[in-house]
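Working notes for the structure below.
The values are calculated or read from the model by the stated rules, or taken from the named source; none is laboratory data. Just so we're clear, the structure is a prediction, and the values are computed from it rather than from any experiment. Cβ coordinates were reconstructed from backbone atoms using ideal geometry, including for glycine residues, and neighbour counts include every protein chain displayed. In case anyone asks, the SASA skips ligands and DNA or RNA and just uses the protein heavy atoms, side chains included. Shrake-Rupley method; radii C 1.70, N 1.55, O 1.52, S 1.80 Å.
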Amino acid sequence: MLSRWVRQILQATVYDVAIESPLDLAPRISERLNNNIRLKREDLQPVFSFKLRGAYNRISQMPSDQLKRGVICASAGNHAQGVAYSGQKMGIDTIIVMPSTTPDIKVNAVKRLGGNVVLHGDSFDVANQYAMQRAQQEGLAYVPPYDDELVIAGQGTIATEILKQWRQVEYVFVAVGGGGLIAGVAAYLGEVAPHVKVVAVESDESACLKLALQCNERAKLPQVGLFADGTAVAQIGALPFDVLRLQKSDGSGAIIEPEVVTCSTDEICAAIKDVFEENRTIVEPSGALALAGMKKYVAEHGIENKNMVAIVCGANMNFDRLRYIAERTEIGEKREAIFAVTIPEEKGAYLDFCRALKGRAITEFNYRYQAASDQGNGAAHIFVGIGLKNGVVEHQAILKDLQGYQVTDLTDDEVAKLHIRYLIGGHAGLDDEHLFRVEFPERPGALLTFLERLGQQFNISLFHYRNHGAAEGRVLMGLQLGNHQPQELTAALDAIGYPYEEITDNAGYQLFLK
């Protein structure tokens with residue numbers, strides 16, 4: 001006899017609007033993880049998110065007299081678009097309450113789908129409370145984002161498709177926000193395919209399910225990070241939590257892993273890049289969360305040759321976030337380490353430091369001269385990023401190679417990654433400094449070659465470089481004349497052969513760095 005949940009999921013009316021999303025092979029990721037990986041592409045839904053399934057299933061099963069009065073919801077993203085799209089298809093009025101801080105791109109997306117947007121409050125909680133009040137006062141039907149039986153059943157249809165598309169699946173990784181998606185997936189697999197392990201994945205900035213499992217009751221996070229905004233929920237939904245506890249406790253349900261996998265921002269960014277390299281698709285942070293958790297779970301448990309699915313649950317990405325994501329990806333993938341290194345403030349010190357790196361690729365180099373009286377010991381402090389080919393092993397090898405220097409590992413330092421790297425500078429008060437823009441060929445050893453050819457006759461007083469993925473690296477460099485003439489400096493640069501331009505008269509340099 002079918003359980004209530006399986007019956008609800010099988011009767012869900014999602015396919016009036018949703019597609020049966022493909023389960024794509026991921027050969028590159030599979031090879032790297034030594035497992036058979038497939039991606040469930042919910043980012044290909046008409047609203048670029050799985051949320052359409054639950055929203056439409058809920059709305060389509062409302063009484064006709066209720067639909068005439070209209071529906072209301074609160075959301076800053078994917079649920080809003082799911083409700084608006086569903087209302088458009090059914091020809092009913094939809095009111096979407098969004099926080100006043102919601103980016104214009106999301107507001108406009110809901111409006112294009114026919115939703116009547118109301119901006120209220122500065123957070124989801126405030127907007128949600130307002131939506132529920134209006135629903136009660138005006139007789140509107142409130143459509144919850146996750147804490148509802150029909151919403152959960154709609155999301156559970158993803159599990160039916162996975163089993164149909166790949167009977168041999170052994171693990172399913174699911175991103176968790178309010179819990180509607182994982183509740184639907186676990187409820188279905190728990191009865192139909194109880195051998196499949198369901199693994200919950202959360203951002204470490206919004207791990208509300210992990211907190212609830214630790215407390216054995218729903219608890220509220222004191223604050224929530226918004227990078228993975230699609231899953232940025234302070235408290236797991238009541239009904240989803242009951243479903244998950246039931247699956248864990250009665251011994252007959254899905255194998256829910258006891259520990260939630262939590263992922264950092266850097267790990268999520270790396271997973272976004274993985275999906276792009278596999279499918280040339282850019283997903284939102286929450287959309288890549290399941291894959292990020294899968295990678296971490298495989299590494300921590302040493303799993304090989306298993307059949308694994310990551311649900312790519314959304315792709316509503318703001319374009320202006322891409323630069324930040326690209327910046328954090330290399331560290332999340334263990335392909336870059338960053339350090340603060342103290343070297344002598346003297347000619348030739350940079351050259352010696354680069355030689356100590358043994359030809360490794362430098363991804364970033366920041367330094368600004370400070371007078372010995374300010375330094376106290378005539379030391380130069382540099383901020384350097386180094387590319388890694390062998391992850392943690394090479395990271396440790398670099399630390400060993402730099403034992404002769406004072407080194408601080410900043411790879412996991414949020415302040416350094418978000419702020420310090422952009423603030424290194426200041427007025428040096430050097431009358432003999434000349435500023436240049438130099439183009440380096442973007443290849444390992446280019447900086448070392450430059451320093452070797454420049455020699456030790458000119459002191460480097462400023463250096464800024466960051467690998468941005470172009471064919472050439474652009475470097476800002478300050479050089480002191482010392483006892484030399486300007487034409488001797490330009491002759492030395494000409495001899496190196498790298499394109500350069502003197503910009504000593506640049507207004508920004510004169511105001512902030514000279």
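Only Cα pairs under 8 Å and 6+ residues apart enter the sum, and on that basis the relative contact order of the chain stands at 12 percent. Just flag the GluC sites (Glu not before Pro) in segment 14-118 sitting in loop per DSSP whose Cβ has no more than 14 other Cβ atoms within 10 Å. Sites meeting the loop and neighbour criteria: 20.
With the charge dipole of the chain set up from +1 on Lys and Arg Cβ and -1 on Asp and Glu Cβ about the Cα centre, the Cα lying farthest toward the positive end among the listed residues 504, 473, 110 is that of 110.
Which FRET efficiency value, to the nearest 0.05, do you get for residue 495 and residue 474 by plugging their Cβ-Cβ distance into 1/(1 + (r/R0)^6) with R0 = 25 Å? Efficiency, rounded to the nearest 0.05: 0.75. Residue order by solvent-accessible surface for 106, 40, 334 is 334, 106, 40, largest first, with ligands and nucleic acids left out and a 1.4 Å probe.
Which links in 106/210; 40/220; 164/306; 295/400 stretch past 23 Å when you go from one Cα to the other? Going by Cα-Cα distance, 106/210; 40/220; 295/400 fall outside the 23 Å limit. Only one residue of 436, 461, 446 has its Cα farthest out toward the positive end of the dipole of segment 382-483, where Lys and Arg carry +1 and Asp and Glu -1 on Cβ, and that residue is 446. Rolling a 1.4 angstrom probe over the protein heavy atoms with all chains in place gives segment 83-143 an accessible area of 51 Å² per residue.
3J(HN,Hα) couplings calculated from phi for segment 65-77 with the Karplus curve 6.51 cos²θ - 1.76 cosθ + 1.60 (θ = phi - 60°) are, in sequence order, 5, 5, 4, 5, 7, x, 10, 9, 8, 10, 5, 10, x Hz; Gly and Pro show x. Here each label is just a point 7 Å from Cα along the line to Cβ, and for residue 20 and residue 424 those points are 5.5 nm apart.
A full extension of the chain between residue 393 and residue 122 corresponds to an added length of 93.1 nm, given 0.36 nm per residue minus the alpha carbon distance. Residue separation of residue 488 and residue 191 scaled by 0.36 nm, minus their Cα-Cα distance, works out to 98.9 nm of gained length. With a ≥ b ≥ c the root eigenvalues of the C-alpha gyration tensor of the chain, is it rounded (a/c under 1.5), prolate (a/b larger than b/c) or oblate? It comes out prolate by the Cα gyration axes. Rolling a 1.4 Å probe across all protein chains gives residue 354 an accessible area of roughly 10 Å². With a Förster radius of 41 Å applied to the beta-carbon distance between residue 414 and residue 510, the computed FRET efficiency rounds to 0.80.
Does segment 305-352 come out rounded, prolate or oblate by the C-alpha gyration tensor, with a ≥ b ≥ c the root eigenvalues, rounded set by a/c under 1.5 and, if not, prolate when a/b is larger than b/c and oblate if not? Oblate, since a/c reaches 1.5 and b/c is not below a/b. Between the listed residues 63, 163, 298, the Cα displaced farthest toward the positive end of the dipole of the chain, a dipole computed from Cβ unit charges relative to the Cα centre, is found at 63. Using a ≥ b ≥ c from the Cα gyration tensor of segment 166-227 (square roots of the eigenvalues), is it rounded, prolate or oblate, where a/c under 1.5 gives rounded and otherwise the larger of a/b and b/c decides, a/b for prolate? Cα axes put segment 166-227 in the prolate bin. Surface calculation, 1.4 Å probe, protein heavy atoms: residue 274 sits at approximately 10 Å² accessible. Heavy-atom accessible area for residue 163, with the other protein chains in place and a 1.4 Å probe, reaches approximately 10 Å². As a calculated quantity, the FRET efficiency between residue 216 and residue 326 at R0 = 56 Å, using C-beta atoms, amounts to about 0.90. The length gained by stretching the chain between residue 66 and residue 44 to full extension, at 0.36 nm per residue less their Cα-Cα distance, is 4.9 nm. Its Cα centre serving as origin, segment 255-347 has a Cβ charge dipole (Lys and Arg +1, Asp and Glu -1) of approximately 200 debye.
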